[in-house]
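The values are calculated or read from the model by the stated rules, or taken from the named source; none is laboratory data. Since this is a predicted model, take the numbers as computed values, not measurements. Glycine gets a Cβ as well: all are built from the backbone with ideal geometry, and neighbour counts include every protein chain shown. SASA here: full protein model, heavy atoms, side chains in, ligands and nucleic acids out. Shrake-Rupley method; radii C 1.70, N 1.55, O 1.52, S 1.80 Å.
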Amino acid sequence: MVSVAIMGHGVVGSGVAEILLTHKQKLFASLGEEVYIKKVLDLREFPDSPIADRFTKDFNDIINDLEIRVVVEVMGGLNPAYDFVKRCLKAGKSVVTSNKELVAAHGAELLAIAKEENVNFLFEASVGGGIPIIRPMSQCLVANIVYEVAGILNGTTNFILTKMIEEGMQFEDALKLAQDLGFAERNPAADIEGFDACRKICILASLAYGKHVYPDSVHTEGITKITLDDVKYAEAYNCVIKLIGKVKKLGDGKIDIIVAPMFVPNKSQLANIDNEFNGIMVRGDCTGDVVFYGKGAGKLPTASAVVADVIDCCKHLKTRKYLYWTDGDGKNILDYKDSVAAMYVRTSGKDALSKAESTFGNISVIKKDDAPADEVAFVTEEMPYGEFLNKKEALENNDVKVLSSIRIGDL
Ligand code: HSE
């Protein structure tokens, strides 16, 4: 029997307890012994839980219990999760977490502590919910040089955009629905402003390129400015709008990393990933493109990944799984203004078309039947983002209003 503790009994934590209890036989068959939930840490009361007698409000009941070998952290947020996880690792306990904020902020440090203490720190559920991605990247694809990782990494925003695209639903209504379904973060700004997707692409970039990438070094845009008009123009251009997290290896050893809404061509493998589903494309030099698809949010999908890590930790109580990267200083990250993309631009104003042509040169105009007479939407040629910003400013100084601008994804 291996004793484990679960810190947090929210959406994911209750799912972890549920799977460990309901899939007891299945897990026993895999591990060869029982996984016993010895303690659950939560400040709330859960009198109806089948393990109500094992709840505690005191972290000391976990850290001081030598029988507890694996601790699951599913509290979310940085405090007190960071302190608790660090102390568990230093106490010689393996830790499993779904907390992408924690891994993105402190992954390198926590991995180093785990290495020093000869325990495991696993976080499969931190990216892609129920989709296996951390383990495939760190093990199955390890022979590859990873040229690029690009994905739809946030279920809430993908759900919102899908509802806007397929049902013409307004942004706020779709967000409310995602919150009711339990996909959204406690503070939905983390979803809709792109921070959650940013944390996840940082984790994947750190894993792919071996140096920690911190979220504040990544240019991040959310989906709050996307309108139903933009959705329709994307459709007319044979694209869908998706929030994409993307990292690409450049020739000079740098990486080009970004989170932003993008026009995704209908023929792209990422275009048909809808609702709360996530999709992640890994481009390896040996394998070519490998695409991972599944539910990126929700109680049981996420808990499934956590429990798999728990089993892995229980199987490797005395050995370390190879999952590691070192700290990073951001010097390997390309300035986002040097990142090259073609841009979709929606404008309005007198002579907007001729002014856009004289400012941007070659452009492809996109037509929409019900567009106002003075509205012009177009796609530019590829250019560094800094150059685009300068040209956009010049257009605005020429009395043309830029209503929106979205990158064309090279996906
Ligand atoms: N809020 C997150 C999402 C949950 O919508 O993807 C899973 O990380």
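Being assigned to a helix (DSSP H, G or I), more than 16 Å from the ligand (Cβ to nearest atom) and either farther than 16 Å from THR287 by Cβ or in the same structural domain as ALA271 (by TED's automatic domain parsing) (or both), is that true of even one residue in the stretch 119-130?
Of the stretch 119-130, the ones assigned to a helix (DSSP H, G or I) are 124-126.
Now narrow it down to the ones that are more than 16 Å from the ligand (Cβ to nearest atom): none.
The answer is no; no qualifying residue exists.
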Check your understanding: Out of all the residues in the stretch 40-66, which are in contact with a Phe, Trp or Tyr (Cβ under 8 Å, 6 or more places away or on another chain), buried (at least 16 other Cβ atoms within 10 Å of the Cβ) and not aliphatic (A, V, I, L, M)?
Key -> ASP42, SER49, PHE55, PHE59
Practice item. Please state which one of VAL85, VAL11, VAL74 is under 25 Å from PHE183 (Cα atoms), in the same structural domain as LYS100 (by TED's automatic domain parsing) and at pLDDT below 95. Key: VAL11
Practice item. Would you check which residues across the stretch 380-411 are more than 33 Å from the chain's Cα centre (by Cα) and either without any contact (Cβ under 8 Å) to a residue 24 or more places away in the chain or open to solvent by less than 10 Å² (accessible area, probe 1.4 Å) (or both) and list them? Key: LEU395, GLU396, ASN397, VAL400
Study note, to complete from the structure: Among LEU207, LEU250, the single one that is of a type outside the set (Asp, Glu), more than 15 Å from the ligand (Cβ to nearest atom), more than 23 Å from VAL340 (Cβ to Cβ) and at pLDDT 95 or above is LEU207
Review point. When you look at ASN278, is it open to solvent by less than 60 Å² (accessible area, probe 1.4 Å), within 16 Å of the ligand (Cβ to nearest atom) and not hydrophobic (A, V, I, L, M, F, W, C), yes or no?
Key: yes
Exercise for review: Restrict the check to the stretch 197-210 and report whether at least one residue is over 15 Å from the mean Cα position of the chain (by Cα) and of a type in the set (Ser, Thr, Tyr).
Suggested key: yes
Exercise for review: Read through the list (1) in contact with a helix residue (DSSP H, G or I) (Cβ under 8 Å, 6 or more places away or on another chain); (2) assigned by TED's automatic domain parsing to the domain that holds LYS90, then give the number of the only condition that LYS115 fails.
Suggested key: (1)
Check your understanding: What number of residues within the stretch 91-118 satisfy the criterion of being among the charged types (D, E, K, R) and either surrounded by 19 or more Cβ atoms within 10 Å (Cβ to Cβ) or within 16 Å of the ligand (Cβ to nearest atom) (or both)?
Key -> 3
Exercise for review: Please tell me if ASN154 is under 30 Å from TYR324 (Cα atoms), polar (S, T, N, Q) and touching a strand residue (DSSP E or B) at 6+ places or on another chain (Cβ under 8 Å).
Suggested key: yes
Review point. Would a scan of the stretch 307-318 turn up a residue that is at pLDDT 95 or above, within 30 Å of ILE37 (Cα to Cα), under 17 Å from the mean Cα position of the chain (by Cα) and surrounded by fewer than 21 Cβ atoms within 10 Å (Cβ to Cβ)?
Key: no
Check your understanding: surrounded by 19 or more Cβ atoms within 10 Å (Cβ to Cβ), within 16 Å of the ligand (Cβ to nearest atom), assigned to a helix (DSSP H, G or I) and not assigned by TED's automatic domain parsing to the domain that holds LEU78 - does that describe any residue in the stretch 233-242?
Key -> no
Check your understanding: In the stretch 202-232, which residues are open to solvent by less than 50 Å² (accessible area, probe 1.4 Å), within 20 Å of ALA189 (Cβ to Cβ) and assigned to a helix (DSSP H, G or I)?
Key -> CYS202, ILE203, PRO215, SER217
Check your understanding: Mind checking which pairs have a first residue in the stretch 354-379 that is closer than 16 Å to SER404 by Cα and a second that is of a type in the set (Lys, Arg) and not in a loop (DSSP other than H, G, I, E, B), Cβ under 7 Å, 6 or more apart or different chains?
Key -> PHE360/LYS391; LYS368/LYS232; GLU375/ARG346; ALA377/ARG346
Check your understanding: Is one or more of the residues making up the stretch 19-27 surrounded by 16 or more Cβ atoms within 10 Å (Cβ to Cβ) and among the charged types (D, E, K, R)?
Key -> no
Revision key, fill the gap. Output for Cβ contacts, cut-off 9 Å, separation at least six or different chains, first residue within 15 Å of the ligand (Cβ to nearest atom) in the stretch 168-179, second among the acidic types (Asp, Glu), reads ALA174/GLU167; LEU175/ASP191; ALA178/ASP191; ALA178/GLU276
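Here's the yes/no breakdown for (1) free of Cβ contacts under 8 Å to residues at least 12 places away in the same chain; (2) under 16 Å from SER304 (Cα atoms):
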residue: HIS9; (1), (2): no, yes
residue: GLY15; (1), (2): no, yes
residue: SER30; (1), (2): no, yes
residue: GLU34; (1), (2): no, no
residue: VAL40; (1), (2): no, no
residue: GLU45; (1), (2): yes, no
residue: PRO50; (1), (2): no, no
residue: ILE68; (1), (2): no, no
